[in-house]
Amino acid sequence: MAQNFVATVIWQKSHSRNNSAQHFSADHDFIHVYARNKAAWRRNRVARTSKSDADFWNPDNDPRGDWRRSDLTAAKPYNDGKYEVTGPHGDKFTPRAGRYWGVSPTSFEELRADDRLWWGKTGRTFPFRKRFRSELGDLVPTTIWAHEEVGNNREAKGEIVSLLGRSAIFATPKPERLMEQIIHIASDPGDIVLDCFAGSGTTAAVAHKMGRRFVTVELSESNIDTFVRPRLEKVVKGEDAGGVTGTAAWAGGGGFRLVRVASSMFEADEDGDLYLADWAVGGELARAICAQVRYEYEPDGPFTGRRGRSRLAVLDGMLTAGVAELLLSKLADRETLLVVAQAIEPGAEELLAARRGGSKVRKVPRDLARRGILPSQLVSLTSTPDGDTA
Ligand SMILES: C[S@@+](CC[C@H](N)C(=O)[O-])C[C@H]1O[C@@H](n2cnc3c(N)ncnc32)[C@H](O)[C@@H]1O
């Protein structure tokens, strides 16, 4: 939603001019950043880079290591901001017009005592503060990402070709370093990364290498067969030495499940009201509901599935008191019941709960659709922690 818009990042996807472009040679793509809830969202900082650290040095051999000059003055007027300081050779300094010391006289003397002031190589120039690299934290992300930092399209194509061979050409892959930066900023290890457009599977591969879980979805089976599945298999087996494998210290492990998502059980009319799709009746309804409520499919008399001691009954019609009695009569000792029905006769739910505590009733589609309406014929790959690639 618009109020959760955070920023637009410009990614330099190419650094070579396309001289056959009709108008301009496009160098960049946009990455629009939205939070689910902007007020609550906290981004991670990004690691320092050799570019951001290029101006550190150590001309005075400070044992605390490399440092960078930092201005001790600011434009903000401040009561005590115009005092005079004396350099190591007796030179006197005050901030120039329009500038004020950013630290109090006491803090200034503390910095001096701790050898955190730099008066130039001669010891006679205007003082700066020494900021040690070892004491600086990671960086706030910026909105222009150069290809040197996060890779470009050519690098991305190379990553796929070196992993899957010359025949694996994907038109718009993203470099692993780009996805690493995005995933790092927006998630922590163990979080779930969702990519609804798997393509060549870069997002899932990088998420897995970075210790995140993932769900990725792809419409094209050929993309799954050519790119996503073989790529993720290599990542899991530790056979992908490219991309961010080195920086993420990835050596293989984990696994993923490949799931074909069936047609939606639900359809919506013009008013947005849900009803069951034509196919989702009888046995098909029972089977689909079993999957939705995560019961093992186990047809047995009036029951369709089982999860531990709970039996599932799916009714292509109404749960009446009579049906409830029948189902109860078929339950073994200590078994409970989950009934999913299209309609519920008043009192039937209470009867079940009273006769077999822990039993529940759900109305379809109302109660189950809340778990998500499934789009048709997608293939989804989901990471699993313990290596059961399937
Ligand atoms: C531009 S690619 C994604 C590239 C990917 N980020 C990568 O790095 O490889 C978009 C992918 O989305 C898939 N796709 C398009 N419409 C879809 C849909 N409705 N559901 C799932 N996948 C879809 C396409 O088949 C294509 O593989």
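Once every DSSP H run of n ≥ 4 in the chain is given -39500 (n - 2.57) and the sum is divided by its residues, what mean residue ellipticity at 222 nm do you get, rounded to the nearest 500 deg cm²/dmol?
Details: 10 runs with 86 residues, N = 390.
Here the helix-only value at 222 nm equals -6000 deg cm²/dmol.
Distance between the C-alpha centers of the range 50-93 and the range 6-46? Whole Å please.
35
Loop-only check: which chymotrypsin sites (Phe, Trp or Tyr not before Pro) in the range 156-219 are DSSP coil with at most 14 other Cβ within 10 angstrom?
Values: sites: 170, 197, 214; in loops: 170, 197.
Here the chymotrypsin sites (Phe, Trp or Tyr not before Pro) that fit, given the DSSP loop and packing criteria, are 197.
Run the numbers for residue 18 and residue 273: contour at 0.36 nm per residue of separation, minus the present Cα-Cα distance, in nm. The partial results should precede the final answer.
Details: separation 255, 0.36 × 255 = 91.80 nm, distance 5.09 nm.
Stretched out fully, the residue 18 to residue 273 stretch lengthens by 86.7 nm.
I'd like the orientation of helix 321-330 relative to the chain: the angle between its Cα long axis and the longest Cα principal axis, in ° from 0 to 90, rounded to 10.
90
Across the chain, where is the longest run that never hits trypsin sites (Lys or Arg not before Pro) in a DSSP loop with at most 11 other C-beta atoms within 10 Å? Walk me through the numbers before you get to the answer.
Details: sites that count: 17, 36, 42, 51, 96, 121, 166, 294, 334, 370, 371.
Looking at the chain, 167-293 is the longest stretch - no exposed trypsin sites (Lys or Arg not before Pro) with at most 11 other Cβ atoms within 10 Å.
Whats the longest run of the chain with zero GluC sites (Glu not before Pro) that are DSSP loop and have at most 15 other Cβ atoms within 10 Å? Intermediate values should be presented prior to the final figure.
Working: sites that count: 84, 239, 270.
Formally, the longest exposed-site-free interval is 85-238.
Would you mind classifying the range 131-215 by shape? Square roots of the alpha carbon gyration tensor eigenvalues, ordered a ≥ b ≥ c; an a/c under 1.5 is rounded, otherwise it is prolate if a/b is larger than b/c and oblate if not.
Values: a/c = 2.43, a/b = 1.50, b/c = 1.62.
It comes out oblate by the Cα gyration axes.
So which lysines can residue 363 reach, going by Cα to Cα under 24 Å and dropping same-chain residues fewer than 8 places off?
330
Picking from 216, 205, 161, whose Cα lies most toward the positive end of the charge dipole for the range 103-246 (charges on Cβ: Lys, Arg +1; Asp, Glu -1)?
Projecting each Cα onto the dipole axis, the largest value belongs to 161.
Compute the acute angle (0 to 90°) between the alpha-carbon long axis of helix 153-164 and the principal axis of greatest extent of the alpha-carbon atoms of the chain; round to the nearest 10°.
50
Please state the charge dipole magnitude for the range 289-369, taken about the Cα centre, from unit charges on C-beta atoms (+1 on K and R, -1 on D and E), reported in debye and rounded to the nearest 20.
Details: 13 positive and 11 negative charges, 58 e Å.
The calculation lands at about 280 debye.
Counting Lys and Arg as +1 and Asp and Glu as -1, each charge on the Cβ, what is the dipole of the chain about the Cα centre in debye, to the nearest 20? Before the final figure, lay out the partial values.
Working: 55 positive and 52 negative charges, 259 e Å.
So the dipole magnitude of the chain works out to roughly 1240 debye.
If you wrap the chain's Cα atoms in a convex hull and average its projection over all directions, what's the area in nm²? It would help to have the intermediate numbers written out before the result.
On the way: hull surface 129.3 nm².
The directionally averaged projection comes out at 32.3 nm².
Read-outs: derived from the displayed coordinates by stated rules, not from any lab. Here the structure is a predicted model, which is why all the values come from computation and not from measurement. Reconstructed Cβ throughout: ideal geometry from the backbone, glycine too, with neighbour counts over all protein chains shown.
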